[in-house]
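Would you mind keeping the following structure in view while I ask a few things?
The values are calculated or read from the model by the stated rules, or taken from the named source; none is laboratory data. Just so it is clear, the model here is predicted, and its values are computed rather than measured. In this analysis, Cβ positions are derived from the backbone assuming ideal geometry, glycine residues included, and neighbour counts consider all displayed protein chains.
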2 protein chains.
Amino acid sequence: MTDLPTETPPLCVVGTVAFDDVETPSGARSGILGGSATYFSVAASHFARVGLVGVVGTDFPDTYRRVLEGHDVDLAGLEVDPNGSTFHWSGKYEGDMDQAETLATDLNVLETFAPTLPEAFRASPYVFLANTDPKIQLSVLDQLTSPRLVVMDTMNLWIDIAREPLLEVLKRVDGLMINDAEAKSLSGEDNLIAAGRSLLDFGPSFVIVKKGEHGSFLFSRNRLYALPSYPLDQVVDPTGAGDSFAGGVMGHLAGENAQRVDDVCRAMLYGTSVASYTVSDFSLDVLADLERASIEERTSELRRFVSP
Amino acid sequence: MTDLPTETPPLCVVGTVAFDDVETPSGARSGILGGSATYFSVAASHFARVGLVGVVGTDFPDTYRRVLEGHDVDLAGLEVDPNGSTFHWSGKYEGDMDQAETLATDLNVLETFAPTLPEAFRASPYVFLANTDPKIQLSVLDQLTSPRLVVMDTMNLWIDIAREPLLEVLKRVDGLMINDAEAKSLSGEDNLIAAGRSLLDFGPSFVIVKKGEHGSFLFSRNRLYALPSYPLDQVVDPTGAGDSFAGGVMGHLAGENAQRVDDVCRAMLYGTSVASYTVSDFSLDVLADLERASIEERTSELRRFVSP
């Protein structure tokens with residue numbers, strides 16, 4: 001994007017950076033690099049330069065910082081809180097791994113997090129508000145100077161305890177990404193198609209419902225679009241799939257400077273490809289070493305997979 | 001198909017004709033026309049003439065017979081057993097209706113059913129073996145004289161209690177249609193992609209895994225294909241969806257006299273369209289009154305729905 005100040009990343013994400021303990025049928029890992037902003041940034045970095053806004057504690061190691069920097073992720077917005085530890089999540093997947101059982105959530109530095117966007121980030125045209133307190137999402141919206149496409153995620157916790165501010169955010173974003181259970185809960189509709197459609201009434205011009213292994217739906221006033229997941233013989237760890245998908249979608253849009261609904265549908269192919277790499281190993285083990293050419297190849301394969 | 005004797009239906013189905021009692025969140029009906037061969041035949045009749053092989057009791061009313069005859073379904077293979085009542089199934093769906101809870105299954109005339117195909121049916125080139133005892137399926141295979149494409153369905157009961165004869169049938173058919181839980185159970189694989197792929201080792205050249213509201217997958221040695229369900233705001237009664245899908249697929253193939261895997265993928269669009277009508281009301285209430293033009297229109301809409 002030639003009209004941006006060089007220091008402004010075309011894509012900005014506000015979300016979590018975390019230490020994860022994860023147990024799946026394939027094994028267990030602890031203290032691995034996780035968090036919504038982490039997965040999002042690395043996934044998106046294959047398509048566009050990303051500015052990350054988040055917070056860690058003084059315990060966040062340089063090796064993890066270098067993983068992000070190695071993908072040219074701008075960490076000017078990654079606050080280091082001297083008074084606490086990095087956010088920590090612990091979870092377990094069983095059987096077909098369609099849902100994580102959360103074993104522990106230690107918010108730590110997240111409890112007092114009030115993001116201040118670096119001056120250069122405020123002009124980012126593409127912005128993703130990962131799942132956080134809607135009040136934090138509102139404060140980020142207030143700091144943006146020239147958004148072209150703002151997309152948000154959320155979760156059941158906020159639907160249950162912070163519905164009002166959440167509805168405020170929804171009025172001010174272009175897109176919502178949400179999983180199927182959350183879409184039903186937020187809309188009050190049992191049928192997923194009815195749920196997705198009715199969420200458009202809350203304000204966004206498109207809604208993407210993420211269905212895990214069953215793929216994703218896009219709802220807009222003029223178009224419905226369905227995309228299956230990339231077929232994988234083995235899923236090792238589903239953690240970060242949704243955020244990687246979002247990173248692939250938003251990264252591709254930012255890289256192309258595209259924001260129409262048809263562009264979003266095409267970008268979902270890239271999000272789906274990238275997410276399929278994420279779940280094929282723990283943490284960022286595969287995602288971080290990925291070449292753009294592999295993503296393109298898998299995306300072509302995905303197109304064939306869904307073409308009658 | 002000009003090379004067939006005029007009395008031979010291009011498509012033959014062997015399965016059940018039933019009285020259903022169904023309860024869903026939309027209401028309850030009892031004694032309605034159901035059964036795998038019924039749904040299959042009416043769905044397929046929009047594309048090709050169908051010969052139905054099954055059994056009913058003397059309690060089977062003429063009104064129901066006329067529903068089938070009204071779709072030009074050849075009932076020469078519908079035996080009337082003078083010693084019993086028509087097969088009766090009673091089931092209930094709740095919540096997102098992804099699974100039926102069976103309340104009662106009265107086999108009645110099915111208990112002693114040993115199908116004899118009318119002479120004219122034996123030459124049918126397209127054959128669907130709906131879910132029945134694998135021994136019955138084997139006896140039907142023995143009666144076929146010139147099959148071009150034979151596809152079977154099955155269920156968990158036979159996977160559990162009649163695995164050996166089931167594996168015999170699998171060696172002798174071209175295609176298997178099966179739902180996701182059954183695919184996992186039959187293959188012993190937790191991952192659905194691994195399950196679908198490994199079922200090819202049992203013999204069929206393609207496997208279609210039906211995933212209800214999540215659509216269907218086709219697995220073959222050279223091709224994987226995924227198709228979402230047609231998006232419906234409201235599902236009234238899912239009964240018969242899988243058999244209608246099979247009817248749409250096989251009917252379209254028989255109508256076009258096509259049997260390559262690529263043809264099967266395209267036929268899945270028609271099966272999906274037709275099944276979406278079935279679930280939008282009880283029994284055959286919508287399916288039976290359908291015009292071919294409506295199916296074509298919905299199929300085009302489905303193509304747009306899945307095109308990036």
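For the range A:287-308: of the residues being within 14 Å of chain B (Cβ to nearest Cβ) and basic (Lys, Arg), which is farthest from A:Ser41 (Cα to Cα)? Spell out the reasoning first.
Residues of the range A:287-308 within 14 Å of chain B (Cβ to nearest Cβ): A:298-308.
Pick out the ones that are also basic (Lys, Arg) and you get A:298, A:303-304.
Working: A:Arg298: 20, A:Arg303: 24, A:Arg304: 27 Å.
It comes out as A:Arg304.
List the pairs whose first member sits in the range A:270-288 and is under 11 Å from A:Ser229 (Cβ atoms), whose second member is assigned to a loop (DSSP other than H, G, I, E, B) and acidic (Asp, Glu), and whose Cβ atoms are under 8 Å apart, counting only residues at least 6 apart or on separate chains?
Going by the 8 Å Cβ cut-off, the qualifying pairs are A:Val279/A:Asp237.
Could you check the range A:252-270 and list, in sequence order, the residues that are over 15 Å from A:Val207 (Cα atoms) and of a type in the set (Gly, Ala, Ser)?
Listed by number, the residues that qualify are A:Ala254, A:Gly255, A:Ala258.
Let me confirm something: among B:Gly91, B:Gly57, which residue is in contact with a helix residue (DSSP H, G or I) (Cβ under 7 Å, 6 or more places away or on another chain) and surrounded by 14 or more Cβ atoms within 10 Å (Cβ to Cβ)?
B:Gly57
Looking at the range B:195-204, can you tell me whether even one residue there is of a type outside the set (Ser, Thr, Tyr) and in a loop (DSSP other than H, G, I, E, B)?
The answer is yes, given that some residue of the range B:195-204 is of a type outside the set (Ser, Thr, Tyr) and in a loop (DSSP other than H, G, I, E, B).
Filter the range A:110-124 down to the residues that are over 13 Å from A:Val55 (Cα atoms) and touching a helix residue (DSSP H, G or I) at 6+ places or on another chain (Cβ under 8 Å) and list them by number.
A:Arg122
Within the range A:115-126, identify whether any single residue is surrounded by 19 or more Cβ atoms within 10 Å (Cβ to Cβ), within 19 Å of the chain's Cα centre (by Cα), of a type in the set (Phe, Trp, Tyr) and not in a loop (DSSP other than H, G, I, E, B), and answer yes or no.
Yes, the conditions are met somewhere in the range A:115-126.
Next question. Out of the residues in the range B:1-30 meeting the condition of being of a type in the set (A, V, I, L, M) and in contact (Cβ under 8 Å) with a residue 60 or more places away in the chain, tell me which one is nearest to the other protein chains (Cβ to nearest Cβ).
Residues of the range B:1-30 of a type in the set (A, V, I, L, M): B:1, B:4, B:11, B:13-14, B:17-18, B:22, B:28.
Filter again for in contact (Cβ under 8 Å) with a residue 60 or more places away in the chain, leaving B:1, B:4, B:11, B:13-14, B:17-18, B:22.
Working: B:Met1: 23, B:Leu4: 28, B:Leu11: 21, B:Val13: 24, B:Val14: 28, B:Val17: 30, B:Ala18: 27, B:Val22: 18 Å.
Per the criteria, the residue is B:Val22.
Per-residue answers, yes or no, for (1) of a type outside the set (A, V, I, L, M); (2) over 26 Å from A:Asn179 (Cβ atoms):
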| site | (1), (2) |
| --- | --- |
| A:Ser45 | yes, no |
| A:Arg49 | yes, yes |
| A:Ser90 | yes, no |
| A:Leu138 | no, no |
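Here is a yes/no grid of residues against (1) within 14 Å of another protein chain (Cβ to nearest Cβ); (2) part of a helix (DSSP H, G or I); (3) under 30 Å from A:Thr6 (Cβ atoms); (4) acidic (Asp, Glu):
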position	(1), (2), (3), (4)
A:Ile32	no, no, no, no
A:Ala43	no, yes, yes, no
A:Asp59	no, no, no, yes
A:Leu68	no, yes, yes, no
A:Glu79	no, no, yes, yes
A:Ser85	no, no, no, no
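Moving on. Could you look through the range A:289-308, keep only residues that are crowded, with 16+ Cβ neighbours inside 10 Å and touching a residue at least 60 places away in the same chain (Cβ under 8 Å), and pick out the one that is nearest to B:Tyr270 (Cα to Cα)?
Top of the filtered list is A:Val306.
Of the numbered conditions (1) more than 14 Å from every other protein chain (Cβ to nearest Cβ); (2) free of Cβ contacts under 8 Å to residues at least 40 places away in the same chain; (3) outside any strand (DSSP E or B), B:Glu189 fails exactly one; give the number of that condition.
(1)
Scan the range B:91-109 residue by residue and report those that are part of a strand (DSSP E or B) and either touching a Leu at 6+ places or on another chain (Cβ under 7 Å) or over 15 Å from B:Asp21 (Cα atoms) (or both). Reasoning before the result, please.
If we filter the range B:91-109 for residues that are part of a strand (DSSP E or B), which is where we start, we get B:91-92, B:101-106.
Within the range B:91-109, B:Gly91, B:Lys92 qualify.
While we're on this one: Any residue in the range A:217-240 that's in contact (Cβ under 8 Å) with a residue 12 or more places away in the chain: show its pairings with residues that are in a loop (DSSP other than H, G, I, E, B) and of a type in the set (Asp, Glu) at Cβ separation under 7 Å, as long as the two are six or more apart or on different chains.
A:Val236/A:Asp281; A:Asp237/A:Asp281
Here's another thing I want to ask about it. Being in a strand (DSSP E or B), out of contact with any Phe, Trp or Tyr (no Cβ under 6 Å at 6 or more places or on another chain) and among the aliphatic types (A, V, I, L, M) is the filter; apply it to the range B:1-30 and report the residue that is surrounded by the fewest Cβ atoms within 10 Å (Cβ to Cβ). Quick ask: steps written out before the conclusion?
To start, the set of residues in the range B:1-30 that are in a strand (DSSP E or B) comprises B:11-14, B:18-24, B:27-30.
If we keep only those that are out of contact with any Phe, Trp or Tyr (no Cβ under 6 Å at 6 or more places or on another chain) too, we end up with B:14, B:19, B:21-23, B:27-28, B:30.
Going one step further and asking which of them are among the aliphatic types (A, V, I, L, M), we end up with B:14, B:22, B:28.
On the way: B:Val14: 28, B:Val22: 25, B:Ala28: 11.
So the residue we want is B:Ala28.
Would you say A:Gly188 is under 18 Å from A:Tyr270 (Cβ atoms) and surrounded by fewer than 24 Cβ atoms within 10 Å (Cβ to Cβ)?
So A:Gly188 fails the test.
Right, another one. Can you name the residue in the range A:230-257 that is within 13 Å of chain B (Cβ to nearest Cβ) and in contact with a Lys or Arg (Cβ under 8 Å, 6 or more places away or on another chain) and is also modelled with the lowest pLDDT among such residues?
Filtering the range A:230-257 for residues within 13 Å of chain B (Cβ to nearest Cβ) gives A:230-236, A:238, A:249, A:252.
Now restrict to residues that are in contact with a Lys or Arg (Cβ under 8 Å, 6 or more places away or on another chain): A:230, A:233, A:252.
Values: A:Tyr230: 97, A:Asp233: 93, A:His252: 98.
Applying the filter and picking the extreme gives A:Asp233.
May I ask you to say which residue of B:Leu218, B:Leu224, B:Leu199, B:Leu284 is in contact with a Lys or Arg (Cβ under 9 Å, 6 or more places away or on another chain) and either within 22 Å of B:Val173 (Cα to Cα) or more than 11 Å from every other protein chain (Cβ to nearest Cβ) (or both)?
Only one candidate passes the filter, namely B:Leu224.
Restricting attention to the range B:158-179, does a residue exist that is outside any loop (DSSP other than H, G, I, E, B), facing another protein chain (nearest Cβ under 10 Å), in contact (Cβ under 8 Å) with a residue 24 or more places away in the chain and crowded, with 17+ Cβ neighbours inside 10 Å?
Checked the range B:158-179: no residue is outside any loop (DSSP other than H, G, I, E, B), facing another protein chain (nearest Cβ under 10 Å), in contact (Cβ under 8 Å) with a residue 24 or more places away in the chain and crowded, with 17+ Cβ neighbours inside 10 Å.
Quick one: would you say B:Phe217 is among the aromatic types (Phe, Trp, Tyr) and assigned to a helix (DSSP H, G or I)?
no
Quick test of your reading of the structure: A:Glu111 fulfils all but one of (1) surrounded by fewer than 17 Cβ atoms within 10 Å (Cβ to Cβ); (2) within 17 Å of A:Asp243 (Cβ to Cβ); (3) not aliphatic (A, V, I, L, M). Name the failing condition by number.
Of everything listed in (1) surrounded by fewer than 17 Cβ atoms within 10 Å (Cβ to Cβ); (2) within 17 Å of A:Asp243 (Cβ to Cβ); (3) not aliphatic (A, V, I, L, M), A:Glu111 misses just condition (2).
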